[in-house]
Amino acid sequence: MAKKGNEKKGAKVFKTKCSQCHTVEAGGAHKQGPNLYGFWGRQSGQADGYSYSSANKKSGIMWGEDTLFDYLENPKKYIKGTKMVFAGIKKPKERQDLIAYLKSTTSA
């Protein structure tokens with residue numbers, strides 16, 4: 001993933017496609033999906049107090065730009081058995097923008 005995303009555009013993508021199920025601030029609540037603060041560089045399935053699928057916990061994925069870029073395209077294909085009910089983001093630019101936003105807002 002060579003191109004950098006636009007953080008401001010990524011905030012809009014998060015608001016429209018992710019915020020129904022996720023929060024990003026430190027100490028934020030888990031919703032249908034886990035709070036994402038501090039997930040950057042962490043292994044999948046590790047947020048305290050959230051009930052992950054065994055597929056997610058056993059995936060061994062370390063979250064970074066490349067893994068997130070591929071995951072966000074089609075979560076159910078990337079982690080077979082995930083309980084994340086999201087079809088994915090097909091447009092590469094939207095994923096890059098979202099990743100730029102997540103990197104800046106969720107880094108501990």
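Scanning the stretch 55-108 for residues that are touching a strand residue (DSSP E or B) at 6+ places or on another chain (Cβ under 9 Å) and surrounded by 15 or more Cβ atoms within 10 Å (Cβ to Cβ), which turns out farthest from Lys4 (Cα to Cα)?
Checked the stretch 55-108; the qualifying residue farthest from Lys4 (Cα to Cα) is Ser59.
Taking only pairs six or more apart or across chains, which ones have beta-carbon atoms under 7 Å, a first residue in the stretch 34-59 that is more than 17 Å from Cys18 (Cα to Cα), and a second residue that is open to solvent by 20 Å² or more (accessible area, probe 1.4 Å) and of a type in the set (D, E, K, R)?
Short answer, once both residue conditions are applied: Gly45/Lys57; Ser53/Lys83; Ala55/Lys80.
Given the conditions (1) part of a helix (DSSP H, G or I); (2) modelled with pLDDT under 95, which single one is not true for Lys8?
Looking at each condition in turn, Lys8 falls short on (2).
Among the listed residues Ser19, Ser107, which satisfies the condition of being modelled with pLDDT under 95 and among the hydroxyl-bearing types (Ser, Thr, Tyr)? Break it down stepwise before answering.
Details: Ser19 fails: modelled with pLDDT under 95.
Of the residues listed, the single one that is modelled with pLDDT under 95 and among the hydroxyl-bearing types (Ser, Thr, Tyr) is Ser107.
Condition check: part of a helix (DSSP H, G or I), open to solvent by 80 Å² or more (accessible area, probe 1.4 Å) and modelled with pLDDT of 95 or more. Does Lys31 satisfy that?
Considered against the rule, which asks whether it is part of a helix (DSSP H, G or I), open to solvent by 80 Å² or more (accessible area, probe 1.4 Å) and modelled with pLDDT of 95 or more, Lys31 comes out as no.
Among the candidates Phe14, Phe39, which residue alone is part of a loop (DSSP other than H, G, I, E, B), open to solvent by less than 30 Å² (accessible area, probe 1.4 Å) and aromatic (Phe, Trp, Tyr)?
Phe39
The values are calculated or read from the model by the stated rules, or taken from the named source; none is laboratory data. Just so you know, these numbers come straight off a predicted model, no measurement behind them. Cβ coordinates were reconstructed from backbone atoms using ideal geometry, including for glycine residues, and neighbour counts include every protein chain displayed. Accessible surface is based on the protein model in full, side chains and every heavy atom, while ligands, DNA and RNA are left aside. Shrake-Rupley method; radii C 1.70, N 1.55, O 1.52, S 1.80 Å.
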